[in-house]
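Below you'll find the structure, written out as C-alpha coordinates, and then a few comments.
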Amino acid sequence: MEYIEVDARGLSCPIPVMKTTKVIKKEQGSFKVLIDDETSFENVMRTLENFKLEIEKTEEFEDEDYKVIYVIR
Amino acid sequence: MKNIFATKWGIILAGTAIGIIAIALQFWGNPPNMGFCMACFLRDIAGGLKLHTAAPVQYIRPEITGIILGAMIIALAKGEFKPRGGSSPVIRFFLGFFAMIGALVFLGCPWRAYLRLAGGDFNAITGLAGLATGIYVGTLLIKKGFNLGRARASQSRFSGYIIPAFMGIILLMLVFHFSKLAFSTKGPGAMHAPLIISLTGGLLVGYFAQRSRFCTIGAIRDIFIIRNYHLFLGVAAFTLIAFGLNLVMGNFHPGFENQPIAHTDHLWNFLGMVLAGLAFVLAGGCPGRQIILAGEGNTDSGIFILGMLLGAAVAHNFGLASSPKGIGEFGAIATLTGIGYTLLVGFVMTKRMK
(Lines give C-alpha, C1' and ligand atoms only; values in the text may rest on other atoms or scores of the structure.)
Protein backbone atom coordinates (compact mmCIF):
# COMPACT_ATOMS: atom_id res chain seq x y z
CA MET A 1 0.00 0.00 0.00
CA GLU A 2 1.28 3.47 -0.86
CA TYR A 3 1.42 5.94 1.99
CA ILE A 4 2.30 9.59 1.65
CA GLU A 5 4.98 10.25 4.26
CA VAL A 6 4.71 13.06 6.79
CA ASP A 7 8.01 13.25 8.65
CA ALA A 8 7.26 15.25 11.80
CA ARG A 9 10.27 14.03 13.77
CA GLY A 10 12.17 16.69 15.71
CA LEU A 11 9.85 19.51 14.68
CA SER A 12 8.65 22.14 17.11
CA CYS A 13 5.03 22.73 18.01
CA PRO A 14 2.78 23.30 15.99
CA ILE A 15 4.53 22.09 12.88
CA PRO A 16 3.72 18.36 13.19
CA VAL A 17 0.02 19.23 13.29
CA MET A 18 0.43 21.76 10.45
CA LYS A 19 2.14 19.25 8.18
CA THR A 20 -0.44 16.58 8.95
CA THR A 21 -3.31 19.00 8.36
CA LYS A 22 -1.79 20.08 5.06
CA VAL A 23 -1.66 16.50 3.80
CA ILE A 24 -5.19 15.84 5.02
CA LYS A 25 -6.52 18.87 3.16
CA LYS A 26 -4.36 19.03 0.07
CA GLU A 27 -3.49 15.41 -0.79
CA GLN A 28 -5.47 12.29 -1.59
CA GLY A 29 -4.88 8.81 -0.30
CA SER A 30 -3.46 7.12 2.72
CA PHE A 31 -0.59 8.62 4.65
CA LYS A 32 1.72 7.89 7.52
CA VAL A 33 3.04 10.31 10.15
CA LEU A 34 6.45 9.80 11.71
CA ILE A 35 6.69 11.24 15.23
CA ASP A 36 9.33 11.07 17.93
CA ASP A 37 7.70 13.19 20.61
CA GLU A 38 4.82 12.18 22.85
CA THR A 39 3.21 15.62 22.87
CA SER A 40 3.26 15.79 19.06
CA PHE A 41 1.85 12.27 18.99
CA GLU A 42 -1.08 13.31 21.20
CA ASN A 43 -1.65 16.46 19.12
CA VAL A 44 -1.62 14.59 15.81
CA MET A 45 -3.96 11.89 17.20
CA ARG A 46 -6.33 14.63 18.32
CA THR A 47 -6.15 16.19 14.85
CA LEU A 48 -6.93 12.85 13.19
CA GLU A 49 -9.92 12.45 15.54
CA ASN A 50 -11.16 15.92 14.67
CA PHE A 51 -11.05 15.06 10.97
CA LYS A 52 -12.74 11.71 11.76
CA LEU A 53 -10.01 9.76 10.00
CA GLU A 54 -9.41 6.06 10.37
CA ILE A 55 -6.12 5.03 11.96
CA GLU A 56 -5.02 1.74 10.46
CA LYS A 57 -2.27 1.04 12.95
CA THR A 58 0.54 2.57 14.97
CA GLU A 59 4.05 1.15 14.87
CA GLU A 60 6.81 1.79 17.32
CA PHE A 61 10.48 1.76 16.37
CA GLU A 62 12.13 1.37 19.76
CA ASP A 63 15.76 1.72 18.75
CA GLU A 64 15.41 4.88 16.72
CA ASP A 65 12.77 6.03 19.20
CA TYR A 66 9.94 7.09 16.95
CA LYS A 67 6.38 6.04 16.16
CA VAL A 68 4.50 5.86 12.87
CA ILE A 69 0.76 6.42 12.59
CA TYR A 70 -0.80 4.88 9.47
CA VAL A 71 -4.01 6.49 8.25
CA ILE A 72 -6.29 4.89 5.65
CA ARG A 73 -8.25 7.01 3.19
CA MET B 1 -1.16 3.76 29.64
CA LYS B 2 -3.22 6.75 28.57
CA ASN B 3 -2.31 10.24 29.70
CA ILE B 4 -5.45 11.51 31.42
CA PHE B 5 -4.15 15.07 31.54
CA ALA B 6 -4.02 15.13 27.75
CA THR B 7 -7.82 14.88 27.57
CA LYS B 8 -10.23 17.81 27.60
CA TRP B 9 -11.15 17.42 31.26
CA GLY B 10 -7.59 16.57 32.11
CA ILE B 11 -6.25 19.88 30.90
CA ILE B 12 -9.10 21.73 32.58
CA LEU B 13 -8.19 19.97 35.83
CA ALA B 14 -4.51 20.79 35.34
CA GLY B 15 -5.27 24.45 34.57
CA THR B 16 -7.46 24.67 37.64
CA ALA B 17 -4.75 23.16 39.83
CA ILE B 18 -2.14 25.55 38.45
CA GLY B 19 -4.46 28.50 39.07
CA ILE B 20 -5.10 27.45 42.66
CA ILE B 21 -1.36 27.06 43.26
CA ALA B 22 -0.72 30.51 41.77
CA ILE B 23 -3.22 32.18 44.09
CA ALA B 24 -1.92 30.18 47.03
CA LEU B 25 1.59 31.50 46.34
CA GLN B 26 0.21 35.03 46.19
CA PHE B 27 -1.53 34.40 49.50
CA TRP B 28 1.68 33.15 51.06
CA GLY B 29 3.77 36.10 50.04
CA ASN B 30 4.49 36.28 46.32
CA PRO B 31 3.97 39.73 44.79
CA PRO B 32 0.40 40.72 43.88
CA ASN B 33 -0.88 39.23 40.64
CA MET B 34 2.38 37.31 40.45
CA GLY B 35 1.77 33.83 41.77
CA PHE B 36 3.78 32.79 38.72
CA CYS B 37 5.64 34.90 36.24
CA MET B 38 8.31 33.07 34.27
CA ALA B 39 9.80 36.30 32.97
CA CYS B 40 9.82 38.15 36.29
CA PHE B 41 11.07 35.10 38.15
CA LEU B 42 13.91 34.40 35.71
CA ARG B 43 14.74 38.09 35.98
CA ASP B 44 14.77 37.78 39.78
CA ILE B 45 17.05 34.75 39.47
CA ALA B 46 19.34 36.78 37.20
CA GLY B 47 19.37 39.35 39.97
CA GLY B 48 20.04 36.79 42.67
CA LEU B 49 23.03 35.65 40.64
CA LYS B 50 24.08 39.29 40.31
CA LEU B 51 23.88 39.18 36.52
CA HIS B 52 22.18 42.50 37.15
CA THR B 53 22.18 44.67 40.22
CA ALA B 54 18.67 46.12 40.32
CA ALA B 55 18.18 45.91 44.06
CA PRO B 56 14.39 45.49 44.20
CA VAL B 57 14.42 42.40 41.98
CA GLN B 58 17.05 40.03 43.23
CA TYR B 59 15.92 36.65 44.54
CA ILE B 60 16.39 33.06 43.46
CA ARG B 61 12.79 32.09 42.81
CA PRO B 62 12.34 28.45 43.87
CA GLU B 63 9.22 28.19 41.68
CA ILE B 64 11.30 28.05 38.49
CA THR B 65 13.65 25.43 39.89
CA GLY B 66 10.63 23.49 41.15
CA ILE B 67 8.92 23.57 37.78
CA ILE B 68 11.94 22.32 35.85
CA LEU B 69 12.80 19.63 38.38
CA GLY B 70 9.17 18.56 38.76
CA ALA B 71 8.90 18.27 34.99
CA MET B 72 12.13 16.30 34.82
CA ILE B 73 11.04 13.86 37.53
CA ILE B 74 7.65 13.11 35.99
CA ALA B 75 9.11 12.97 32.48
CA LEU B 76 11.65 10.39 33.65
CA ALA B 77 8.91 8.41 35.37
CA LYS B 78 6.74 8.39 32.24
CA GLY B 79 9.53 7.69 29.79
CA GLU B 80 9.21 11.14 28.25
CA PHE B 81 12.67 12.41 29.20
CA LYS B 82 14.30 12.66 25.79
CA PRO B 83 17.52 14.63 25.51
CA ARG B 84 17.38 16.31 22.14
CA GLY B 85 18.34 19.54 20.46
CA GLY B 86 20.10 21.14 17.55
CA SER B 87 17.23 23.14 16.09
CA SER B 88 18.80 26.57 15.46
CA PRO B 89 20.03 27.03 19.04
CA VAL B 90 21.58 30.47 18.58
CA ILE B 91 18.43 31.80 16.97
CA ARG B 92 16.45 30.38 19.89
CA PHE B 93 18.84 31.94 22.42
CA PHE B 94 18.06 35.39 21.07
CA LEU B 95 14.36 34.65 20.69
CA GLY B 96 14.47 34.04 24.44
CA PHE B 97 16.54 37.18 24.94
CA PHE B 98 14.02 39.38 23.14
CA ALA B 99 10.96 37.58 24.50
CA MET B 100 12.20 38.48 27.97
CA ILE B 101 12.71 42.10 26.97
CA GLY B 102 9.19 42.32 25.56
CA ALA B 103 7.77 40.76 28.71
CA LEU B 104 9.71 43.13 30.96
CA VAL B 105 8.39 46.11 29.02
CA PHE B 106 4.85 44.89 29.81
CA LEU B 107 5.92 43.68 33.27
CA GLY B 108 4.81 40.10 32.88
CA CYS B 109 4.98 36.93 30.87
CA PRO B 110 1.72 35.47 29.48
CA TRP B 111 1.13 33.53 32.74
CA ARG B 112 1.27 36.77 34.67
CA ALA B 113 -0.87 38.54 32.06
CA TYR B 114 -3.67 36.08 32.80
CA LEU B 115 -3.13 36.44 36.56
CA ARG B 116 -3.21 40.22 36.25
CA LEU B 117 -6.44 39.93 34.30
CA ALA B 118 -7.82 37.68 37.02
CA GLY B 119 -6.89 40.37 39.54
CA GLY B 120 -8.75 43.10 37.66
CA ASP B 121 -5.69 44.72 36.09
CA PHE B 122 -7.17 45.97 32.82
CA ASN B 123 -3.68 46.75 31.49
CA ALA B 124 -3.48 43.00 31.00
CA ILE B 125 -6.18 43.35 28.35
CA THR B 126 -3.87 45.65 26.42
CA GLY B 127 -1.00 43.25 26.95
CA LEU B 128 -3.01 40.20 25.90
CA ALA B 129 -4.21 42.05 22.80
CA GLY B 130 -0.56 42.65 21.96
CA LEU B 131 0.28 39.04 22.72
CA ALA B 132 -2.48 37.80 20.43
CA THR B 133 -1.29 40.15 17.69
CA GLY B 134 2.28 38.91 17.94
CA ILE B 135 1.06 35.32 17.94
CA TYR B 136 -1.15 36.02 14.93
CA VAL B 137 1.76 37.40 12.91
CA GLY B 138 3.78 34.36 13.94
CA THR B 139 1.06 32.02 12.73
CA LEU B 140 1.10 33.69 9.31
CA LEU B 141 4.79 32.82 9.10
CA ILE B 142 4.22 29.28 10.37
CA LYS B 143 1.51 28.72 7.76
CA LYS B 144 3.96 29.85 5.09
CA GLY B 145 6.43 27.21 6.21
CA PHE B 146 8.48 28.81 9.03
CA ASN B 147 10.63 26.16 10.61
CA LEU B 148 13.72 26.29 12.83
CA GLY B 149 14.81 22.86 11.69
CA ARG B 150 14.67 19.41 13.16
CA ALA B 151 15.95 18.61 16.60
CA ARG B 152 17.79 15.34 16.94
CA ALA B 153 18.30 13.00 19.84
CA SER B 154 21.35 14.19 21.77
CA GLN B 155 24.67 12.46 21.21
CA SER B 156 24.53 11.51 24.87
CA ARG B 157 21.64 11.60 27.33
CA PHE B 158 23.97 13.55 29.62
CA SER B 159 23.15 16.75 27.68
CA GLY B 160 19.52 16.66 28.74
CA TYR B 161 20.38 16.77 32.43
CA ILE B 162 22.57 19.85 32.32
CA ILE B 163 19.98 22.62 32.48
CA PRO B 164 17.90 20.91 35.21
CA ALA B 165 21.15 20.31 37.13
CA PHE B 166 22.12 23.98 36.72
CA MET B 167 18.77 24.97 38.19
CA GLY B 168 19.18 22.37 40.91
CA ILE B 169 22.51 23.84 41.93
CA ILE B 170 21.03 27.34 42.01
CA LEU B 171 18.27 25.96 44.24
CA LEU B 172 20.84 24.46 46.58
CA MET B 173 22.60 27.81 46.77
CA LEU B 174 19.30 29.31 47.84
CA VAL B 175 18.57 26.58 50.35
CA PHE B 176 21.94 27.05 51.99
CA HIS B 177 21.61 30.83 51.72
CA PHE B 178 24.91 31.09 49.92
CA SER B 179 26.41 34.42 50.94
CA LYS B 180 27.42 35.41 47.41
CA LEU B 181 23.79 35.51 46.25
CA ALA B 182 21.81 38.73 46.31
CA PHE B 183 18.56 38.94 48.23
CA SER B 184 16.31 41.97 47.81
CA THR B 185 15.30 43.57 51.05
CA LYS B 186 12.70 45.81 49.41
CA GLY B 187 10.48 45.63 46.35
CA PRO B 188 9.09 42.62 44.50
CA GLY B 189 12.25 40.60 45.11
CA ALA B 190 11.55 40.79 48.82
CA MET B 191 7.99 39.56 48.34
CA HIS B 192 8.04 35.83 48.26
CA ALA B 193 6.34 32.85 49.78
CA PRO B 194 8.42 30.70 52.13
CA LEU B 195 10.95 28.61 50.24
CA ILE B 196 9.33 25.24 50.91
CA ILE B 197 5.94 26.51 49.74
CA SER B 198 7.37 28.08 46.57
CA LEU B 199 9.34 24.97 45.80
CA THR B 200 6.39 22.66 46.38
CA GLY B 201 4.18 24.90 44.26
CA GLY B 202 6.77 24.79 41.49
CA LEU B 203 7.13 21.00 41.66
CA LEU B 204 3.36 20.53 41.48
CA VAL B 205 3.06 22.90 38.54
CA GLY B 206 5.92 21.06 36.88
CA TYR B 207 3.85 17.89 37.18
CA PHE B 208 0.52 19.34 36.01
CA ALA B 209 2.00 21.42 33.21
CA GLN B 210 4.21 18.60 31.90
CA ARG B 211 1.39 16.05 31.88
CA SER B 212 -1.19 18.37 30.34
CA ARG B 213 1.25 20.13 27.93
CA PHE B 214 -0.08 23.41 29.33
CA CYS B 215 0.96 26.35 27.15
CA THR B 216 -0.32 29.92 27.34
CA ILE B 217 0.94 30.70 23.85
CA GLY B 218 -0.35 27.55 22.19
CA ALA B 219 -3.73 28.35 23.71
CA ILE B 220 -4.08 31.40 21.46
CA ARG B 221 -1.99 30.11 18.57
CA ASP B 222 -4.06 26.96 18.05
CA ILE B 223 -7.27 28.99 17.83
CA PHE B 224 -5.76 31.02 14.96
CA ILE B 225 -3.94 28.27 13.19
CA ILE B 226 -6.15 25.16 13.51
CA ARG B 227 -9.29 26.50 15.23
CA ASN B 228 -8.58 24.22 18.16
CA TYR B 229 -9.51 25.15 21.73
CA HIS B 230 -7.84 22.34 23.67
CA LEU B 231 -4.95 24.35 25.13
CA PHE B 232 -7.21 27.36 25.55
CA LEU B 233 -9.44 25.35 27.89
CA GLY B 234 -6.49 24.87 30.22
CA VAL B 235 -5.66 28.57 30.23
CA ALA B 236 -9.31 29.52 30.65
CA ALA B 237 -9.61 27.21 33.65
CA PHE B 238 -6.41 28.72 35.09
CA THR B 239 -7.69 32.28 34.68
CA LEU B 240 -11.22 31.62 35.87
CA ILE B 241 -10.23 29.85 39.09
CA ALA B 242 -7.72 32.62 39.82
CA PHE B 243 -10.44 35.19 39.22
CA GLY B 244 -12.89 33.34 41.45
CA LEU B 245 -10.39 33.00 44.28
CA ASN B 246 -9.41 36.65 43.96
CA LEU B 247 -13.06 37.66 44.26
CA VAL B 248 -13.60 35.50 47.30
CA MET B 249 -10.41 36.74 48.98
CA GLY B 250 -11.08 40.39 48.18
CA ASN B 251 -8.17 40.67 45.77
CA PHE B 252 -10.09 41.67 42.68
CA HIS B 253 -9.55 45.38 42.00
CA PRO B 254 -10.75 46.34 38.51
CA GLY B 255 -9.16 49.22 36.70
CA PHE B 256 -6.16 50.57 34.83
CA GLU B 257 -4.59 52.84 37.43
CA ASN B 258 -2.52 51.92 40.45
CA GLN B 259 -2.37 48.24 39.68
CA PRO B 260 0.41 46.37 41.47
CA ILE B 261 3.69 46.10 39.56
CA ALA B 262 2.06 47.45 36.42
CA HIS B 263 2.05 50.60 34.34
CA THR B 264 -0.52 52.24 32.08
CA ASP B 265 1.56 53.00 29.00
CA HIS B 266 -0.93 51.33 26.68
CA LEU B 267 1.20 51.54 23.53
CA TRP B 268 4.20 49.81 25.10
CA ASN B 269 2.12 47.31 27.09
CA PHE B 270 0.76 46.34 23.69
CA LEU B 271 4.02 46.40 21.73
CA GLY B 272 6.05 44.72 24.45
CA MET B 273 3.69 41.79 24.32
CA VAL B 274 3.60 41.82 20.51
CA LEU B 275 7.32 41.12 20.75
CA ALA B 276 6.82 38.47 23.41
CA GLY B 277 4.04 36.79 21.44
CA LEU B 278 6.07 36.72 18.24
CA ALA B 279 9.19 35.39 19.94
CA PHE B 280 7.39 32.70 21.96
CA VAL B 281 5.31 31.46 19.07
CA LEU B 282 8.32 31.16 16.77
CA ALA B 283 10.15 29.30 19.52
CA GLY B 284 7.26 26.86 19.85
CA GLY B 285 5.86 27.73 23.24
CA CYS B 286 5.41 30.04 26.18
CA PRO B 287 8.17 30.42 28.77
CA GLY B 288 6.45 28.00 31.12
CA ARG B 289 6.37 25.42 28.35
CA GLN B 290 10.04 26.09 27.52
CA ILE B 291 10.93 25.43 31.17
CA ILE B 292 8.92 22.19 31.12
CA LEU B 293 10.58 21.11 27.86
CA ALA B 294 13.99 21.88 29.31
CA GLY B 295 13.02 19.62 32.19
CA GLU B 296 12.26 16.91 29.62
CA GLY B 297 15.77 17.21 28.26
CA ASN B 298 15.10 19.53 25.36
CA THR B 299 18.34 21.48 25.13
CA ASP B 300 16.93 23.97 22.59
CA SER B 301 14.43 25.05 25.23
CA GLY B 302 17.24 25.12 27.75
CA ILE B 303 19.14 27.50 25.53
CA PHE B 304 16.03 29.64 25.12
CA ILE B 305 15.87 29.97 28.91
CA LEU B 306 19.54 30.98 29.07
CA GLY B 307 18.71 33.64 26.48
CA MET B 308 15.91 34.84 28.73
CA LEU B 309 18.34 35.09 31.65
CA LEU B 310 20.74 37.20 29.60
CA GLY B 311 17.85 39.31 28.32
CA ALA B 312 16.78 40.01 31.89
CA ALA B 313 20.30 40.97 32.88
CA VAL B 314 20.69 43.32 29.92
CA ALA B 315 17.22 44.74 30.48
CA HIS B 316 18.06 45.84 33.99
CA ASN B 317 21.62 46.86 33.27
CA PHE B 318 20.64 49.08 30.37
CA GLY B 319 17.30 50.54 31.41
CA LEU B 320 15.16 48.46 29.08
CA ALA B 321 12.77 47.15 31.70
CA SER B 322 9.66 49.01 32.77
CA SER B 323 8.61 49.99 36.25
CA PRO B 324 5.26 51.06 37.68
CA LYS B 325 6.24 54.57 36.57
CA GLY B 326 6.37 53.53 32.93
CA ILE B 327 8.76 52.21 30.33
CA GLY B 328 12.51 52.24 30.73
CA GLU B 329 14.80 54.73 29.08
CA PHE B 330 15.63 52.36 26.23
CA GLY B 331 12.53 50.17 26.46
CA ALA B 332 11.03 51.48 23.25
CA ILE B 333 14.10 51.06 21.07
CA ALA B 334 14.79 47.63 22.57
CA THR B 335 11.24 46.48 21.82
CA LEU B 336 11.44 47.69 18.24
CA THR B 337 14.83 46.03 17.80
CA GLY B 338 13.39 42.80 19.15
CA ILE B 339 10.41 42.94 16.82
CA GLY B 340 12.86 43.54 13.98
CA TYR B 341 14.92 40.51 15.01
CA THR B 342 11.95 38.16 15.35
CA LEU B 343 10.45 39.25 12.03
CA LEU B 344 13.83 38.78 10.36
CA VAL B 345 14.10 35.29 11.85
CA GLY B 346 10.55 34.64 10.70
CA PHE B 347 11.25 35.62 7.10
CA VAL B 348 14.68 34.06 6.81
CA MET B 349 13.60 30.72 8.30
CA THR B 350 10.44 30.38 6.23
CA LYS B 351 10.67 27.85 3.41
CA ARG B 352 14.33 27.21 4.25
CA MET B 353 13.49 23.74 5.55
CA LYS B 354 10.84 21.47 4.12
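The values are calculated or read from the model by the stated rules, or taken from the named source; none is laboratory data. Being a predicted model, the structure only gives us computed values, none of them experimental. Heads up, the Cβs are rebuilt from the backbone with ideal geometry, glycines too, and the neighbour counts pull from every protein chain shown. Each accessible area value is taken on the protein alone, full model and side chains, heavy atoms only, with ligands, DNA and RNA left out. Shrake-Rupley method; radii C 1.70, N 1.55, O 1.52, S 1.80 Å.
Given the residues B:96, B:168, B:108, which is the only one that is among the small types (Gly, Ala, Ser), under 25 Å from residue A:40 (Cα atoms) and either under 20 Å from the mean Cα position of the chain (by Cα) or modelled with pLDDT under 95 (or both)? Step through it out loud before you land on a result.
Details: B:168 fails: under 25 Å from residue A:40 (Cα atoms); B:108 fails: under 25 Å from residue A:40 (Cα atoms).
Result: B:96 is the single residue among B:96, B:168, B:108 that is among the small types (Gly, Ala, Ser), under 25 Å from residue A:40 (Cα atoms) and either under 20 Å from the mean Cα position of the chain (by Cα) or modelled with pLDDT under 95 (or both).
Would you be able to tell me the number of residues in the range B:102-116 that are open to solvent by 10 Å² or more (accessible area, probe 1.4 Å) and either under 20 Å from residue B:336 (Cβ atoms) or within 14 Å of chain A (Cβ to nearest Cβ) (or both)? Before the answer, list the steps.
As a first pass, look at the range B:102-116 and keep what is open to solvent by 10 Å² or more (accessible area, probe 1.4 Å): B:107, B:114.
In the following step, the residues that additionally are either under 20 Å from residue B:336 (Cβ atoms) or within 14 Å of chain A (Cβ to nearest Cβ) (or both) were identified as B:107.
Number satisfying all stated conditions: 1.
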Out of the range B:1-54, which residues are open to solvent by less than 10 Å² (accessible area, probe 1.4 Å) and within 14 Å of another protein chain (Cβ to nearest Cβ)? B:10, B:11, B:14
Of those in the range B:55-74 that are of a type in the set (A, V, I, L, M, F, W, C) and closer than 15 Å to residue B:204 by Cβ, the residue most open to solvent (accessible area, probe 1.4 Å) is B:73
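What do you reckon, is residue B:187 small (Gly, Ala, Ser) and under 20 Å from residue B:56 (Cβ atoms)? Quick ask: steps written out before the conclusion?
Working: small (Gly, Ala, Ser): yes; under 20 Å from residue B:56 (Cβ atoms): yes.
Yes.
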For the range B:117-171: of the residues being among the basic types (Lys, Arg) and within 11 Å of chain A (Cβ to nearest Cβ), which is least open to solvent (accessible area, probe 1.4 Å)? B:150
Taking the range A:13-44 and keeping residues open to solvent by less than 30 Å² (accessible area, probe 1.4 Å), part of a loop (DSSP other than H, G, I, E, B) and either within 13 Å of chain B (Cβ to nearest Cβ) or within 21 Å of residue B:88 (Cβ to Cβ) (or both) leaves A:14
If a residue has to be more than 19 Å from the chain's Cα centre (by Cα) and assigned to a helix (DSSP H, G or I) to count, how many in the range B:35-59 make the cut? 2
What number of residues within the range B:222-256 are within 14 Å of chain A (Cβ to nearest Cβ) and among the β-branched types (Val, Ile, Thr)? 3
In this structure, does residue B:232 turn out to be of a type in the set (Phe, Trp, Tyr) and in contact (Cβ under 8 Å) with a residue 40 or more places away in the chain? no
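Got a sec? Which of B:277, B:338, B:250, B:311 is assigned to a loop (DSSP other than H, G, I, E, B) and not aromatic (Phe, Trp, Tyr)? Break it down into steps so the answer makes sense when it comes.
Working: B:277 fails: assigned to a loop (DSSP other than H, G, I, E, B); B:338 fails: assigned to a loop (DSSP other than H, G, I, E, B); B:311 fails: assigned to a loop (DSSP other than H, G, I, E, B).
Exactly one of B:277, B:338, B:250, B:311 is assigned to a loop (DSSP other than H, G, I, E, B) and not aromatic (Phe, Trp, Tyr), namely B:250.
Residues of the range B:16-34 being of a type in the set (A, V, I, L, M) and in a loop (DSSP other than H, G, I, E, B), which ones? Can you show your working first?
Residues of the range B:16-34 that are of a type in the set (A, V, I, L, M), as a first pass: B:17-18, B:20-25, B:34.
B:34, the sole residue that qualifies.
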Just one of (1) within 23 Å of residue B:64 (Cβ to Cβ); (2) buried (at least 24 other Cβ atoms within 10 Å of the Cβ) trips up residue B:204, so point out which. (2)
If you take the residues in the range A:45-73 that are charged (D, E, K, R) and within 13 Å of chain B (Cβ to nearest Cβ), which one is farthest from the chain's Cα centre (by Cα)? A:63
Quick check on the range A:1-12: of everything there that is open to solvent by 10 Å² or more (accessible area, probe 1.4 Å) and within 9 Å of the chain's Cα centre (by Cα), which residue is nearest to the other protein chains (Cβ to nearest Cβ)? A:7
Could you tell me which residue of the range A:45-73 is surrounded by the most Cβ atoms within 10 Å (Cβ to Cβ), considering only residues that are of a type in the set (Val, Ile, Thr) and closer than 20 Å to residue B:150 by Cα? A:69
Take residue A:62 and decide whether it is within 22 Å of residue B:142 (Cβ to Cβ) and without any contact (Cβ under 8 Å) to a residue 12 or more places away in the chain. no
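If we scan the range B:66-74, do we find a residue that is within 19 Å of the chain's Cα centre (by Cα), modelled with pLDDT of 95 or more, closer than 27 Å to residue B:251 by Cα and more than 14 Å from chain A (Cβ to nearest Cβ)?
Step one: filter the range B:66-74 for residues within 19 Å of the chain's Cα centre (by Cα), giving B:66-72.
This time we only want the ones that are modelled with pLDDT of 95 or more, so: B:66-72.
Then keep just the ones that are closer than 27 Å to residue B:251 by Cα; that gives B:66-67.
With the extra rule that they be more than 14 Å from chain A (Cβ to nearest Cβ), the set shrinks to B:66-67.
There is at least one residue in the range B:66-74 that is within 19 Å of the chain's Cα centre (by Cα), modelled with pLDDT of 95 or more, closer than 27 Å to residue B:251 by Cα and more than 14 Å from chain A (Cβ to nearest Cβ).
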